[in-house]
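Comments concern the structure below.
The values are calculated or read from the model by the stated rules, or taken from the named source; none is laboratory data. Quantities reported herein were computed from a predicted structural model and do not represent experimental measurements. When we count neighbours, we look across all protein chains shown, and the Cβ atoms used for this are built from the backbone with ideal geometry, even at glycine. Just so you know, the surface numbers come from the protein's heavy atoms only, side chains and all, with ligands and any DNA or RNA stripped out. Shrake-Rupley method; radii C 1.70, N 1.55, O 1.52, S 1.80 Å.
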Amino acid sequence: MDYQAFVDEQVASIQESVGDGLAINALSGGVDSSVVTAIGHRALGERLKTVFVDSALMREGEPQQVVKIFADMGIPVEIIDARADFLDALEGLTDPEEKRNAVTFTFYKTVFGKLVRESGATHLLHGTILTDIEETVDGIKRQHNILEQLGIDPKEEYGYHVLEPLKTLRKDGVREVARILDFSPEVSERIPFPGPALATRVVGEVTAERLDTVRKATVIVEEELADTDAFQYMAILLNDKATGIRDGRREFGQIIVVRCLDSVDARTATSVDLPWEKLHKICERITAIPDVNRCLYDFTPKPPATIEYI
Ligand code: XMP
């Protein structure tokens, strides 16, 4: 496939669809939304407003890193501080599906839906890819009617259009386009990170403190495993506690699980046989996090496990 021609076609198509109107899109920093942002900006320049929603669920420094990558490309991205909205919505929830729904609802309806309505945008750019559509048809993933998820009733708010420039590509094609658009490997080869972000890696209630613990562990795991070439690696905070000893005193502390997986398409996955030396190093660093006194390596394949914990 001629990916350069693909980019040119999508730019022309967005220009034709939006005309003199305004468009808006949400950037997560993942490869799909990054490519949509770059193509959309090429097509519309300042008539595309790009926002990064800071949900409190992101990794260490992630909002600032994403904004900087785009600032360096001449593309302004506005950070929307919605941390309190997400933490309020997640308060007291422990059921995995309820937590996922709270994140989806807060993102689409409370935060982004409001921005869309207030922006005067006529068009939304969305990073749907072919796999998303196929998985919906197969009943694996619930495909979103984007407008409905944004809390916008098309009958009442007539005039919004959703544009999905990547809907004919799979992930490998999107990565090719990212390379053509001169994104660094930091973006084009980025490991998958789920939409509900660190909420999928906190078992039990998601609070600011518990997010802080899993965020610190995530930094360590990502640093230590960056050279593995694995499909995905992560840290998870369990909802259990265990007895340990710190500075000669008994401590009832937190438990972090480390996962490192090989996979082609995330439908199945196997754990990587990490060297013991590496595991010891990770364990040493993770148990230096305040209140964490155990570190476990989960080598369960998918199935029967899933990749994330919720
Ligand atoms: P599971 O945990 O279902 O994950 O084995 C399979 C792959 O999908 C990612 N994942 C998500 N991605 N929104 C996303 O965009 C989600 O809600 C979501 N849940 C899981 C996960 O990181 C893995 O790569």
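I need a count of the residues in region 22-31 that are more than 14 Å from ARG175 (Cα to Cα), crowded, with 22+ Cβ neighbours inside 10 Å and not aliphatic (A, V, I, L, M).
Total satisfying the criteria: 1.
Among the helices (runs of 4 or more DSSP H) lying completely within region 25-136, list those that include at least 3 residues that are under 14 Å from the mean Cα position of the chain (by Cα).
Numbers: elements: 31-44, 62-71, 83-90, 96-105, 113-119.
Ranges flagged: 31-44, 62-71, 96-105.
Suppose we filter region 216-247 for residues that are away from the ligand (no atom under 16 Å from the Cβ), of a type outside the set (Val, Ile, Thr), open to solvent by 40 Å² or more (accessible area, probe 1.4 Å) and not in a strand (DSSP E or B); how many remain?
Total satisfying the criteria: 5.
Restrict the check to region 89-104 and report whether at least one residue is touching a residue at least 12 places away in the same chain (Cβ under 8 Å), in contact with a Lys or Arg (Cβ under 6 Å, 6 or more places away or on another chain) and surrounded by fewer than 18 Cβ atoms within 10 Å (Cβ to Cβ).
Checked against the condition, which is being touching a residue at least 12 places away in the same chain (Cβ under 8 Å), in contact with a Lys or Arg (Cβ under 6 Å, 6 or more places away or on another chain) and surrounded by fewer than 18 Cβ atoms within 10 Å (Cβ to Cβ), region 89-104 yields no hits at all.
Just name the residue that is surrounded by the fewest Cβ atoms within 10 Å (Cβ to Cβ) out of those in region 248-265 that are of a type in the set (A, V, I, L, M, F, W, C) and in a strand (DSSP E or B).
Step one: filter region 248-265 for residues of a type in the set (A, V, I, L, M, F, W, C), giving 252, 255-258, 260-261, 264.
Adding the requirement that they be in a strand (DSSP E or B) leaves 252, 255-258, 260-261.
On the way: PHE252: 10, ILE255: 19, ILE256: 27, VAL257: 19, VAL258: 23, CYS260: 24, LEU261: 22.
Among those residues, the one meeting the criterion is PHE252.
Look at ILE310 and say whether it is in contact with a Ser or Thr (Cβ under 7 Å, 6 or more places away or on another chain) and open to solvent by 10 Å² or more (accessible area, probe 1.4 Å). Explain how you work it out, then say what you get.
On the way: in contact with a Ser or Thr (Cβ under 7 Å, 6 or more places away or on another chain): yes; open to solvent by 10 Å² or more (accessible area, probe 1.4 Å): yes.
For ILE310, the condition - in contact with a Ser or Thr (Cβ under 7 Å, 6 or more places away or on another chain) and open to solvent by 10 Å² or more (accessible area, probe 1.4 Å) - is met.
Working carefully through the options GLY195, GLY173, GLY151, find the one that is on the phi > 0 side of the Ramachandran plot and either surrounded by 13 or more Cβ atoms within 10 Å (Cβ to Cβ) or in a helix (DSSP H, G or I) (or both).
Numbers: GLY195 fails: on the phi > 0 side of the Ramachandran plot; GLY173 fails: on the phi > 0 side of the Ramachandran plot.
Just a single option satisfies the conditions, and that option is GLY151.
Regarding ILE180, is this residue of a type in the set (A, V, I, L, M, F, W, C), open to solvent by 50 Å² or more (accessible area, probe 1.4 Å), away from the ligand (no atom under 16 Å from the Cβ) and more than 17 Å from the chain's Cα centre (by Cα)? Before you say what the answer is, go through the steps one by one.
On the way: of a type in the set (A, V, I, L, M, F, W, C): yes; open to solvent by 50 Å² or more (accessible area, probe 1.4 Å): yes; away from the ligand (no atom under 16 Å from the Cβ): yes; more than 17 Å from the chain's Cα centre (by Cα): yes.
Taking the combined requirement at face value, the residue satisfies it.
Hey, can you tell me all the residues within region 32-54 that are in contact (Cβ under 8 Å) with a residue 60 or more places away in the chain, open to solvent by 10 Å² or more (accessible area, probe 1.4 Å) and under 21 Å from PRO196 (Cα atoms)?
Listed by number, the residues that qualify are ASP32, SER33.
Could you give every pair whose Cβ atoms fall below 9 Å, whose first residue belongs to region 212-230 and is in contact (Cβ under 8 Å) with a residue 12 or more places away in the chain, and whose second residue is buried (at least 16 other Cβ atoms within 10 Å of the Cβ) and of a type in the set (Phe, Trp, Tyr), counting only separations of at least 6 or pairs across chains?
Taking only residues 6 or more apart or on different chains, the pairs are VAL221/TYR233; GLU222/TYR233; GLU224/TYR233; LEU225/TYR233.
Looking only at region 275-304, how many residues end up being under 19 Å from ILE191 (Cα atoms), in a loop (DSSP other than H, G, I, E, B) and within 11 Å of the ligand (Cβ to nearest atom)?
Residues meeting the conditions: 1.
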